[in-house]
1. Which pairs do you get when a residue that is in contact (Cβ under 8 Å) with a residue 12 or more places away in the chain and of a type in the set (D, E, K, R), found in segment 29-48, comes within reach of a residue that is in a loop (DSSP other than H, G, I, E, B) and within 9 Å of the ligand (Cβ to nearest atom), reach meaning Cβ atoms under 9 angstrom, with the pair 6+ apart or on two chains?
2. All but one of (1) under 18 Å from Leu277 (Cα atoms); (2) within 14 Å of the ligand (Cβ to nearest atom); (3) of a type outside the set (Phe, Trp, Tyr); (4) surrounded by fewer than 20 Cβ atoms within 10 Å (Cβ to Cβ) hold for Asn52, so report the exception by its number.
3. With respect to the numbered conditions (1) under 25 Å from Phe208 (Cα atoms); (2) modelled with pLDDT of 95 or more; (3) not in a helix (DSSP H, G or I), which one is the sole condition not fulfilled by Pro39?
4. Condition test on Val59, is it of a type outside the set (Asp, Glu), more than 10 Å from the ligand (Cβ to nearest atom) and exposed (fewer than 14 other Cβ atoms within 10 Å of the Cβ)?
5. Looking only at segment 122-147, count how many residues are within 23 Å of Phe76 (Cα to Cα) and either within 16 Å of the ligand (Cβ to nearest atom) or surrounded by 17 or more Cβ atoms within 10 Å (Cβ to Cβ) (or both).
6. So which of Ala171, Ala216, Ala159 is away from the ligand (no atom under 16 Å from the Cβ), in contact with a helix residue (DSSP H, G or I) (Cβ under 6 Å, 6 or more places away or on another chain) and either over 24 Å from Phe315 (Cβ atoms) or in a strand (DSSP E or B) (or both)?
7. Say whether the condition of being of a type in the set (Gly, Ala, Ser), touching a Pro at 6+ places or on another chain (Cβ under 9 Å) and assigned to a loop (DSSP other than H, G, I, E, B) is met by at least one residue in segment 368-387.
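The values are calculated or read from the model by the stated rules, or taken from the named source; none is laboratory data. Computed from a predicted structure; not experimentally measured. Here the Cβ is made from the backbone with ideal geometry for all residues, glycine too, and neighbour counts use every protein chain on show.
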Amino acid sequence: MYRPTIGLEVHAELKTRTKMFCDSKNDPDEARPNVNICPVCMAHPGTLPVINREAVRQVLRLGAAIGGRLADFSEFDRKSYFYPDIPKGYQISQYEHPLVAGGELVGVAITRVHLEEDTARSIHANKKSLVDFNRAGIPLMELVTEPVIPDAETAGRFARELQLLLRTLGASEANLEKGEMRIEANISVSTEEGKFGTKVEVKNINSFRSVERAIAYEIERQTALIESGGEVSQETRGWDESKQETFHQRFKEGSADYRYFPEPDLPQLCISEIPELSSEALRASLPELPWERRERYAKTYALKGSDAAYLCATFERATFFDAVATALEQKKELVTSAANYIVSDLAGVYAKSGTENFSSLDSKAFAKLIRLVGAGDLSSRGAKDTLALLVEKGGDPEQIAKEHGLIQSHDTEALRGAVRSVLAEEAKAVEEYRAGKEAALQYLLGKSMKAAKGAGNPAMLKDIIIAELKAD
Ligand SMILES: [Zn+2]
């Protein structure tokens, strides 16, 4: 009876050398306030903006990746609103002619992608308000989806995939915690088929989990409100992370309040006349996209869909896995084994330490570890221990395994000796095995592995035990 509809608006700071309309440095990591500023981004009278070509290119390139229609013609508009963090008293954005229209990501239809400038950062402390203008004028991409997302989970999946895409394209670092990617959700609950309910906008969401939680919370709140005979009002709400609930911020302005009009200080963009911005050139410049990579992994290495998704979920993981596959000369069996070790054991090591740091793990050393397992020199138990040490200290896996007595013996005679001594001591288990009890073989194998001091390859030991019992 109650059908939720969600649309997302995502802002991402683009990774360009300079700001959107001036040559001040675009450096999100600058800690000193008001360093990367100039008369243009401080809106001194008489200054004029100049369009950053790279920012335009990055938005169009993203448009090519999501299969959107790339504009032949575009222009910038003035969006009037006054806040202390907007030095000009208006923001330069795009209204009628966005750079990209349409497109799709994880099955979610996209309305538009346009380009604008970021605001300064306000800091409120000790009853004072301070403004840092380093961020003012940084190129900001805004992507708006159609109101077609049915639930919180899909919204979360969309946001994660967009972050991965932005990183894959090198367009943005898109860290939510740093505010490089900001997600706003428009949520409404309808009670009538084919009719939207009143939408509520939720802002200040700082993580993917919070995106999902804020949406779930808002669906519940609105449904309860309607059920109790109340009415949802059109408003902007914030997300309170500590209370895990949304709260009223302000009643929303309509687009009329912004009094958009074409920015007179900038030329119109005839994109079709710029060869490097042609859709062919942009498509040709695209790297392997996240969904293409997942498909390649699943196909080439016969990986489960969930494993391929895990490996592709961050750019660092995928880069590491590709480097390991190269070091293993793309030998399918070994690469598949490497994937399994990354998804299970390595993920376990990283989960324990609380951080994932693929850049400090040598892909060649990891590949060597996989070769040792493949050759039967390391048991899965030995590989696990060696891997933990490799992550912690680095170095040569073979050396590490030797130092810790983890290398398995291929010396059949030595292993046979160990098995014989076990069989002589375990008359009862031998009898049980002969009576057809399979569990007895596992028991004897365990004893033999102990006797071989962990140096025995389990498969080899098992063969020896069976052979010895037959020979008797
Ligand atoms: Zn500037």
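1. Glu30/Asn36
2. Looking at each condition in turn, Asn52 falls short on (4).
3. It fails just one condition, (1).
4. Values: of a type outside the set (Asp, Glu): yes; more than 10 Å from the ligand (Cβ to nearest atom): yes; exposed (fewer than 14 other Cβ atoms within 10 Å of the Cβ): no.
Judged against the criteria, Val59 is not a match.
5. So in segment 122-147, the residues within 23 Å of Phe76 (Cα to Cα) come out as 133-146.
Now drop any that are not either within 16 Å of the ligand (Cβ to nearest atom) or surrounded by 17 or more Cβ atoms within 10 Å (Cβ to Cβ) (or both), which leaves 133-145.
Residues that pass the stated criteria total 13.
6. Numbers: Ala171 fails: either over 24 Å from Phe315 (Cβ atoms) or in a strand (DSSP E or B) (or both); Ala159 fails: either over 24 Å from Phe315 (Cβ atoms) or in a strand (DSSP E or B) (or both).
Answer to the selection: Ala216.
7. Of all residues in segment 368-387, those of a type in the set (Gly, Ala, Ser) come to 374-376, 379-380, 382-383.
Okay, now just the ones that are also touching a Pro at 6+ places or on another chain (Cβ under 9 Å), so 379-380, 383.
The next check asks that each one be assigned to a loop (DSSP other than H, G, I, E, B); those that pass are 379.
Yes, because at least one residue in segment 368-387 is of a type in the set (Gly, Ala, Ser), touching a Pro at 6+ places or on another chain (Cβ under 9 Å) and assigned to a loop (DSSP other than H, G, I, E, B).
Results for (1) loosely packed, with under 14 Cβ neighbours inside 10 Å; (2) closer than 22 Å to Thr168 by Cα; (3) touching a helix residue (DSSP H, G or I) at 6+ places or on another chain (Cβ under 9 Å), shown as yes or no for each residue.
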site	(1), (2), (3)
Pro290	no, yes, yes
Tyr301	no, yes, yes
Gly305	yes, yes, yes
Leu328	no, no, yes
Lys331	no, no, yes
Ala347	no, yes, yes
Leu361	no, yes, yes
